[in-house]
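Coordinate-derived values only; no laboratory data. Here the structure is a predicted model, which is why all the values come from computation and not from measurement. Methodologically, a virtual Cβ is constructed for each residue, glycine included, from the backbone with ideal geometry; neighbour enumeration extends over all protein chains shown.
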Amino acid sequence: MARRIASIEQEIRALSASDKEELLRVLLEELDGPSDASADKAWLDEAQRRSREIDAGSVSCTSADEVFKKIDTLLKK
């Protein structure tokens, strides 16, 4: 018979912060399922393409602060 969630929660609360972090990482990986190699490659290809564009100067970069300011402005409209 499965243990009650309350019992498991109590044990989790007794763990150190680093053990809780490791448990959370394991649980999230379990929920996400196996890695998709084609998706990982697509993201890597995209990151490399963007890096080449930045290095070549063919695109301009916007700081995170600027992006968030623009978002705030748009949301306030």
- line: Between the modelled labels at LEU31 and SER63 (7 Å from Cα along Cα→Cβ) the distance in nm is 3.5
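Rg/Rh for the chain: what does it come to with C-alpha atoms and Rh from Kirkwood?
Values: Rg = 21.4 Å, Rh = 17.5 Å.
Looking at the chain, the ratio lands at 1.22.
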- prompt: Residue farthest toward the positive end of the dipole of the chain, with Cβ of Lys/Arg at +1 and Asp/Glu at -1: which of ILE5, SER16, ILE71?
  reply: ILE71
field: Virtual spin-label span in nm between GLU53 and LYS20, 7 Å along Cα→Cβ
entry: 4.0
- prompt: For all pairs of alpha-carbon atoms in the stretch 37-76, what percent lies in each bin of width 5 Å, listed from the first bin to the last filled one?
  reply: 5, 21, 13, 16, 17, 16, 10, 2, 0
